[in-house]
Amino acid sequence: MGSRFGVALSVLFCVCTARAQTLVAPGVWFLLGDASKGYSNTTVIEMSDYLIVVDANYPGRAKELIALMPTLSKKPVRYVFDTHAHGDHSYGNSTWTRAGATTMAFAGVAKEMDRWEPKRWQTAVAKREDVRATGESDVERPRKIITGDKLVLKDKTREVDLLFLGWGHTPGDGYVWLPKERVLATGDAAVNGPRNKLWDASIENWPTVLDKALALKPVHVLPGHGEADGVEILVGQQRFLKDLFVAVNREAAAGKRPAEMHIELPREDANWVPKDLSGDIEACYTEVQAHAPAGSVPHEWK
Ligand SMILES: [Zn+2]
């Protein structure tokens, strides 16, 4: 009996810890993306007359989400906010547009697209059936471009602040902040796990940007990848970046090239350290050598 009860408990535990869909607050859902398909996470926010979706995702996931929305709320999706220009957050733009939503992002996102596209889109076409199936040759730019650092959407239900806090993961990083519910959706400016790429980042500046996110004092942090949690995600992402940058800087100052570097990070960083750290080391080294953000230096997407 005891062991059967144990099995039942562990099954229950698995279901609870890997929930694909979580109600974070009334009318605020967090949906885990399938990492094996490269999908990012999704936040859905219900306003009095419409829904806001955070991140367009890849086209395949966008289609799934469009089919799933009526199970959350009967209200239409009015806005889809791209937190940044990467394909797993924005390549579903045209899919959402066709479904009647307005895609939007900060100006830095469109600038990044103009800088890197359609090359990255075409790389994705070669690799991904869902991107290929759009029949398109470039990512659709967000239909509404937000200038400045903040856009507030407010009605009798709630306030939603779209915030640009500075160049961290990419130059256009947008955060979604619900001041009443103290919910912060971060895109990939903070992720839960070793799931980030640093090539478009301003690595040294990124922790300073995360300080601004921490100053909001969020209770719920909804990352672009990995499970939702609290401020631990912001603190951990920040500490990993600081530790990594300091370590690479030290090795570079000793004359070492990335391949010769032996970087050991503190145990607290383990959740953010990928099995192969070489790409992150190279991105930091690029930034150290250039005295400029890694993302400002011409680079291939790896
Ligand atoms: Zn992502």
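The values are calculated or read from the model by the stated rules, or taken from the named source; none is laboratory data. Here the structure is a predicted model, which means the values were calculated and not measured. Note that each Cβ is placed from the backbone with ideal geometry, even for glycine, and that neighbours are counted across all protein chains shown.
Hey, could you check the stretch 184-212 for residues that are among the charged types (D, E, K, R) and farther than 17 Å from ASP55 by Cα and say which is nearest to the ligand (Cβ to nearest atom)?
Result: LYS197.
Scan the stretch 124-136 and give yes if some residue there is more than 16 Å from the ligand (Cβ to nearest atom) and under 20 Å from TYR50 (Cα atoms), otherwise no.
no
Is there any pair linking a residue in the stretch 14-41 that is farther than 16 Å from ASP188 by Cβ and in a strand (DSSP E or B) to one that is modelled with pLDDT of 95 or more and of a type in the set (Phe, Trp, Tyr), with Cβ under 7 Å and at least six apart or on different chains, and which?
As it stands, the answer is GLN21/TRP29; THR22/TRP29; THR22/PHE30; LEU23/TRP29; VAL24/PHE30, since those pairs meet every condition given.
Run down ALA283, ALA252, ALA270 and say which single residue is part of a helix (DSSP H, G or I) and touching a Cys at 6+ places or on another chain (Cβ under 9 Å).
ALA252
Going residue by residue through the stretch 95-105, is there one that turns out to be within 14 Å of the chain's Cα centre (by Cα), within 15 Å of the ligand (Cβ to nearest atom) and closer than 21 Å to VAL152 by Cα?
Yes, because at least one residue in the stretch 95-105 is within 14 Å of the chain's Cα centre (by Cα), within 15 Å of the ligand (Cβ to nearest atom) and closer than 21 Å to VAL152 by Cα.
List, please: which pairs have Cβ atoms under 7 Å, are six or more places apart or on different chains, and start with a residue in the stretch 192-205 that is in contact (Cβ under 8 Å) with a residue 12 or more places away in the chain and end with one that is in a loop (DSSP other than H, G, I, E, B) and hydrophobic (A, V, I, L, M, F, W, C)?
Final answer for the pair search is PRO194/VAL273; TRP199/TRP301; SER202/TRP167; ASN205/TRP167.
Residues VAL54, VAL80: which one is within 14 Å of the ligand (Cβ to nearest atom) and within 22 Å of ARG158 (Cβ to Cβ)?
After applying the criteria, what remains is VAL54.
Given the condition charged (D, E, K, R), surrounded by 18 or more Cβ atoms within 10 Å (Cβ to Cβ) and not in a helix (DSSP H, G or I), answer yes or no: does some residue in the stretch 222-229 qualify?
no
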